[in-house]
Each structure stands twice: as structure tokens, then as C-alpha cells.
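So the structure is just underneath, and the comments pick up after that.
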Amino acid sequence: MFLDRYDAGKQLANKLLKYKGKKTVVYAIPRGGALTALEVARALEAPLDVVIARKIGHPFNKELAVCAITEDGKRTCDEVGVCCVDSSWLESETTLQLQEIKRQRQVFQGTAKLMSAKGKTAILVDDGIATGLTIKAAVLAIQKQKPEKIIIAVPVAPRSVIEELMQQVDEVVVLRDEPDFKGDVSSCYIHFPEVIDAEVQLVLKHLKTKYNQ
């Protein structure tokens, strides 16, 4: 069990120290991933930014993701889950999530563009992985930045998803790699409260003046 997202971030950072002092950028998937990524960025003395990816939940079960979408509007979908979903509903939900992504970007970073990872090592951090759709969408967004290397760093993830991600990125760092994990990320934490926008703002502001370039 991790005490909280900060604790998980400190443990992840210990696995990533070889990237300290190198051309590294840490990207968080907000909201919860920002708290975990803060500790990674601190330990590596690296700049931190957010890659905003939003899941699109099934119309009859919002917790069951059928797609995920990033700021460029590109969807990453579970082809099995999305096949029986009404296409007009999917387009409508996509529009709503894009509006929320734009709102979050404005709140978190104002008019600042996504930090470039060109020629650098990009470390993508979240507080855990369930279905993997959100982080897969985020990977596609980072790939457009043309980084030298992409690393996914998460405290916990299902073994099957890890194996899929290893085909997409250069390295996957996971603290709890359990074949029987069913994707209930909150069950791996003692304290797992909802993270609000203001907390993400504080995380980014904390590192901006010291490390961001």
C-alpha cells in the first residue's frame, strides 16, 4: 500500500534517478498524476508539465472507459467497448470532454503551450493505470513532440496493460506489477482523496520558476 500519491511519487523517483541531470521532461496526467509527478520532477530536478487526457465513460457506466481523448482531439478507443455505443452519443461526449480539456489547460497553464520534449527523455507519470486508455492517448500526444525516449512511470498497473505499453514506449517503470490486479487504483493507497484544480496549479507553480526552461 502507498501512503498517498506523494509517497508513490517518491518511490517512483528512486527508480528513475539515472535520468537526473540529463535532458529530461516530466509530464503528468492530471489531476491525480500531478501530485505523483511532482516528487519525480523534484528528485530529477526536471521541468514538469501536464498532458491532459480525458476518458470517455460508457453511457451506462461512466467508470468503464470506452475511449480517451487528448488536446489534439484524437481519440484512443477500446474497439470492443466502443462497438456498441451510439456514434452520435460518442461525438457529443467527445465534444464535452474537449471543452473540459481546454478549460483545464487554461486553468493549469494559461496560454502556455505544452512543453517540448524534442530530443529529450519524456517521463509520463500517473497515479495508477486501470484500463490503460488514458495513458495510451497521452503517449500518442507525447510522440508528436519527437522525444528521444518515452518512459511511463506509474505506481501500479495491470500486467496485461503493462505488456501492451511496452510495445509503445522505450521503458515502463511500475512499482506494483501484479497479474491479478483488476485496475482499482484507489485500493492500492491508504489516502486517495479527489484532487482539485487548485492542487494541480500549486504543483506546477512550485516547479515553474526553479526548473522550467
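Take the residues in region 117-150 that are free of Cβ contacts under 8 Å to residues at least 60 places away in the same chain and either assigned to a helix (DSSP H, G or I) or within 15 Å of the chain's Cα centre (by Cα) (or both), then tell me which one is farthest from R176 (Cα to Cα).
Q143
Listed here are the residues, each with its yes/no results for (1) part of a loop (DSSP other than H, G, I, E, B); (2) within 10 Å of the chain's Cα centre (by Cα).
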| position | (1), (2) |
| --- | --- |
| P30 | yes, yes |
| G33 | no, yes |
| E39 | no, no |
| R42 | no, no |
| G57 | no, no |
| E63 | no, no |
| C67 | no, no |
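Any idea how many residues of region 177-189 are closer than 13 Å to D127 by Cα and either exposed (fewer than 15 other Cβ atoms within 10 Å of the Cβ) or modelled with pLDDT of 95 or more (or both)? Step through it out loud before you land on a result.
Taking region 177-189 and keeping what is closer than 13 Å to D127 by Cα, we get 183-189.
Narrowing the set further to residues that are either exposed (fewer than 15 other Cβ atoms within 10 Å of the Cβ) or modelled with pLDDT of 95 or more (or both) leaves 184, 186-187, 189.
The qualifying residues number 4.
Taking into account only those residues within region 91-105 that are surrounded by 17 or more Cβ atoms within 10 Å (Cβ to Cβ) and over 11 Å from I69 (Cα atoms), which is modelled with the lowest pLDDT?
Checked region 91-105; the qualifying residue modelled with the lowest pLDDT is R105.
Please find, among R103, R75, the residue that is under 30 Å from K10 (Cα atoms) and charged (D, E, K, R). Spell out how you get there, then give the answer.
On the way: R75 fails: under 30 Å from K10 (Cα atoms).
Of R103, R75, the one residue that is under 30 Å from K10 (Cα atoms) and charged (D, E, K, R) is R103.
Out of curiosity, is D78 in contact (Cβ under 8 Å) with a residue 12 or more places away in the chain, over 17 Å from the mean Cα position of the chain (by Cα) and not assigned by TED's automatic domain parsing to the domain that holds D197?
Values: in contact (Cβ under 8 Å) with a residue 12 or more places away in the chain: yes; over 17 Å from the mean Cα position of the chain (by Cα): yes; not assigned by TED's automatic domain parsing to the domain that holds D197: yes.
Considered against the rule, which asks whether it is in contact (Cβ under 8 Å) with a residue 12 or more places away in the chain, over 17 Å from the mean Cα position of the chain (by Cα) and not assigned by TED's automatic domain parsing to the domain that holds D197, D78 comes out as yes.
The values are calculated or read from the model by the stated rules, or taken from the named source; none is laboratory data. If you're wondering where the values come from, they're calculated on a predicted model, not measured in any experiment. Reconstructed Cβ throughout: ideal geometry from the backbone, glycine too, with neighbour counts over all protein chains shown.
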